[in-house]
1. Using the Cβ atoms and a cut-off under 12 Å, what net charge is assigned to the surroundings of Ile144, where Lys and Arg are +1 and Asp and Glu are -1?
2. Would you kindly work out the equivalent ellipsoid of segment 1-40 from its C-alpha gyration tensor and give its semi-axes, the square roots of five times the eigenvalues, largest first in whole Å?
3. Of Ile24, Ile15, how do they rank once you tally other Cβ atoms within 10 Å and put the fewest first?
4. How large, in Å, is segment 5-175 by the Kirkwood hydrodynamic radius built from its alpha-carbon pairs?
5. Taking amide H positions as placed in the peptide plane 1.01 Å from N, state which residues far from Arg17 in sequence (5 or more) or on other chains have amide H under 5 Å from it.
6. Pop the C-beta distance of Leu128 and Ser28 into the FRET formula with R0 = 22 Å and round what comes out to the nearest 0.05.
7. What is the spread of the Cα atoms of segment 39-80 along each of their three principal axes, largest first, in whole Å?
8. Sorted from fewest to most neighbouring beta carbons within 10 Å, what does the list Thr145, Thr66 look like?
Amino acid sequence: MEINITSVRLAAARIKRYHTGMIIGEQSVGEHTYGVVQILRHVMNDNLHIDWLKAALDHDIMEYFTGDVPHPAKVLFPFLDEAVDTAEGDIAYKLGLCNNELPLRGKVILKVCDLLEMGFYGLHQAELGNVYGLAVMEQVFLAITKLNEKHSDIIPERAKALWVELEQYFVTQKYSRNTRPHLRPLQDGRDHQ
């Protein structure tokens, strides 16, 4: 069976994320991917190899076939997480996606950017008054902490700075319900006003 990769890419962009979570509004794979690419641009200071950009754009395409398996299910049932990873790897290979061809550094940085986007989405949900957003952020921090323990030397300082910024917002949201922090432009030493 011939698969039209462009059709798959476009259809995957419409897959709903957090479909088992109680969120305000929706987020599609396409919206999430846009955020990942923008964070990757920031983290890499716009110094991106084309394969990294392609990998970021395609990183969740496999969900067209597998769906967005909820994170809690993967945590509760590690065999499910392993099976989904295997299936997604096979799908990526069959579709000719370059995700598997990235060097370890690229894979780690892309994963951190993926997690940071989830963290910013959780923050957005918390700012809207949805406490589920705090749970999303907490899971992101746990995952980034694990990655940082293994690959601290690979993760760029700009990514670590975003992580610290998110943690500060998280603490503010979690422990000070009377304030609403506002998302500031990404801090890179330039005046964004």
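1. Working: positive: Lys111, Lys146, Lys150, Lys160; negative: Asp114, Glu117, Glu138, Glu149, Glu167.
In short, -1.
2. Numbers: eigenvalues 101, 45, 8 Å².
For segment 1-40, the semi-axes come out at 23, 15, 6 Å.
3. Numbers: Ile24 12, Ile15 18.
Least crowded to most crowded, the residues run Ile24, Ile15.
4. Values: mean 1/r = 0.0606 Å⁻¹.
Every distinct Cα pair counted, the radius reaches 16.5 Å.
5. Gln27, Ser28, Val29
6. Values: r = 17 Å, r/R0 = 0.79.
The calculated FRET efficiency here is 0.80.
7. Result, largest extent first: 38, 20, 13 Å.
8. Fewest to most other Cβ atoms nearby, the residues stand as Thr145, Thr66.
Rule-based calculations on the coordinates, nothing more; no lab input. All values derive from a computational prediction rather than experimental measurement. A quick note on method: Cβ atoms are made from the backbone with ideal geometry, for glycine too, and the neighbour counts reach across all protein chains shown.
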